[in-house]
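Okay, so here's the structure we're looking at.
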Amino acid sequence: MRVAIVHYWLVSMRGGEKVIEALCDLYPEADIFTLVYDPGRVSDTIKKHKVTSSFLQRIPGAIGHYQSLLPLMPFALESLDLSGYDLIISSESGPAKGIIPPPHAAHICYCHSPMRYLWDHYHAYRSSAGLLSRMMMPVLAPMLRTWDVNTSMRVDRFVANSHHVAARISKYYRRPATVVYPPVSTEDFAPSTQIEDFYLCAGQIVPYKRIDLAVEAFTKMGKNLVVIGDGKEQDIARLKRMAGPTVTFLGRAPFAVLKEKLARCRALVFPGEEDFGIVPVEAMASGRPVIAFGAGGALETVVPNLTGMLFEQQSVDALIKAIYAFEAREDAFRPDVIRAHTAQFSIRKFKAGMQTVIDDELRLRRALPFGDGKLSIGGFQMREPESATPLH
């Protein structure tokens, strides 16, 4: 069986690339296809595989400015030749599912999120974009949305990284999705006996993560906050202008520093709405509680009063109230209980869940007439119902 793994772009090692690593472990002989590829910024696990990039790779500056090439991405994805592959696993967020699968192949899409900048975050992205992008987005977005919805029909089985994302797949694509939580290297983190007097915000500094709420809240309270993460200069500069003396910015810190800060903080503060949110799981694997905005993936990873606390409104006042409520019962949080909770988000759990989905899809295709797992009735393709049961 020839296996192809399709990822939107390979230019860094973040949550999506960790999924690719785990899929590479499942299929050591798989070939990888992507829009643009920077081998110097990905892991050895990925580099061991044959990686084919699209024609975007040949555009000067594409690796550094790939996101500005969004209008060309549909053409680039459809130019990738996947003929001869029996199993195609696309890693969707950027996009990736829009490849043209051969008729006999099973196409399984692991969806981190329907493209945010086309759907639920469209207006936020447009408002923060440059003048040219703000002018072009209303023209291009409708066409790209149509392409995005149409290409969802090229997928045989959707897998979502959370129930939150599964609901959005249902909303935008009208397709069910099996939930398999993404792989988190929980074994790389451990509790510390030395807890220091600071709270932590960690992750890429982009507007939708709402790190500004934490900076403003901790400045107002006069409590210590450490911010780890990189982003656009203007976003970081804006946060620094509003920050008081108790807020420290460490920038893009090495993993050893991140690991230490996660293990020694009083709690991780997570004020944004994420599709899943890997950093909160890493904090809990370090035995530390999470104070998160109660929406998105946090509702599936943070257990109130056991592994952390949730606040209901995305506002400075709501966050301050949550911080004081946490401190009133801070001693009740047990690091061993918090860490044990993260076992369900391990790499092993992800691999087992994905293998179950893939085996089920391949079995279905072998069992049904015409060899491709689909029944054609009156011009419509009929399939067995897809499971919406989480595999974790």
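Listing for the model above:
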quantity: Residues of region 319-331 satisfying the condition of being free of Cβ contacts under 8 Å to residues at least 24 places away in the same chain and of a type in the set (A, V, I, L, M); calculated: Ala325, Ala328
quantity: Checking Val206 against (1) β-branched (Val, Ile, Thr); (2) within 18 Å of Arg14 (Cβ to Cβ); (3) in contact (Cβ under 8 Å) with a residue 40 or more places away in the chain, the condition it does not meet; calculated: (3)
quantity: Residue within region 158-167 that is over 14 Å from the mean Cα position of the chain (by Cα) and crowded, with 19+ Cβ neighbours inside 10 Å present; calculated: yes
quantity: Arg266 vs. criteria touching a helix residue (DSSP H, G or I) at 6+ places or on another chain (Cβ under 8 Å) and crowded, with 16+ Cβ neighbours inside 10 Å; calculated: yes
quantity: Region 150-190, residues that are closer than 30 Å to Asp336 by Cα and part of a helix (DSSP H, G or I); calculated: His163, His164, Val165, Thr186, Glu187, Asp188
quantity: Residue in region 197-206 that is polar (S, T, N, Q) and modelled with pLDDT of 95 or more present; calculated: no
quantity: Count - residues of region 325-347 that are among the hydroxyl-bearing types (Ser, Thr, Tyr) and outside any helix (DSSP H, G or I); calculated: 1
quantity: Residue match in region 212-228 (condition: under 23 Å from Ser12 (Cβ atoms) and not in a strand (DSSP E or B)); calculated: no
quantity: Residue that is nearest to Ile236 (Cα to Cα) [pool: residues in region 182-224 that are surrounded by fewer than 22 Cβ atoms within 10 Å (Cβ to Cβ) and of a type in the set (Lys, Arg)]; calculated: Arg210
quantity: Hits in region 296-330 (condition: within 23 Å of Gly15 (Cα to Cα), out of contact with any strand residue (DSSP E or B) (no Cβ under 6 Å at 6 or more places or on another chain) and at pLDDT 95 or above); calculated: Leu299, Glu300, Thr301, Val303, Thr307
quantity: Answer residue from region 315-345, given it is closer than 28 Å to Pro183 by Cβ and in contact with a Pro (Cβ under 7 Å, 6 or more places away or on another chain) and is surrounded by the most Cβ atoms within 10 Å (Cβ to Cβ) among those; calculated: Ile338
quantity: Selection count where residues are surrounded by 14 or more Cβ atoms within 10 Å (Cβ to Cβ), in contact (Cβ under 8 Å) with a residue 60 or more places away in the chain and of a type outside the set (D, E, K, R), scope region 78-101; calculated: 13
quantity: Filter pass, Val180 being more than 20 Å from the chain's Cα centre (by Cα), touching a residue at least 12 places away in the same chain (Cβ under 8 Å) and under 30 Å from Pro335 (Cβ atoms); calculated: no
quantity: Of residues in region 129-146 being of a type outside the set (D, E, K, R) and surrounded by 16 or more Cβ atoms within 10 Å (Cβ to Cβ), the one modelled with the lowest pLDDT; calculated: Ser133
quantity: Members of region 209-250 found to be closer than 19 Å to Ala267 by Cα and without any contact (Cβ under 8 Å) to a residue 24 or more places away in the chain, listed by number; calculated: Phe249
quantity: Single condition Ile291 does not satisfy, out of (1) assigned to a strand (DSSP E or B); (2) over 24 Å from the mean Cα position of the chain (by Cα); calculated: (2)
quantity: Qualifying residue in region 64-73 (condition: buried (at least 18 other Cβ atoms within 10 Å of the Cβ) and either modelled with pLDDT of 95 or more or not in a helix (DSSP H, G or I) (or both)); calculated: no
quantity: In region 41-58, the residues that are over 18 Å from Cys24 (Cα atoms) and out of contact with any helix residue (DSSP H, G or I) (no Cβ under 7 Å at 6 or more places or on another chain); calculated: Gln57, Arg58
quantity: So Arg174, is it within 30 Å of Lys97 (Cβ to Cβ), assigned by TED's automatic domain parsing to the domain that holds His112, more than 20 Å from the chain's Cα centre (by Cα) and of a type outside the set (A, V, I, L, M, F, W, C); calculated: yes
quantity: Test: Ile46 is farther than 21 Å from Val279 by Cα, in a helix (DSSP H, G or I) and either hydrophobic (A, V, I, L, M, F, W, C) or not assigned by TED's automatic domain parsing to the domain that holds Glu78 (or both); calculated: yes
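The values are calculated or read from the model by the stated rules, or taken from the named source; none is laboratory data. Remember, predicted model here, so these are calculated numbers, not experimental data. Glycine gets a Cβ as well: all are built from the backbone with ideal geometry, and neighbour counts include every protein chain shown.
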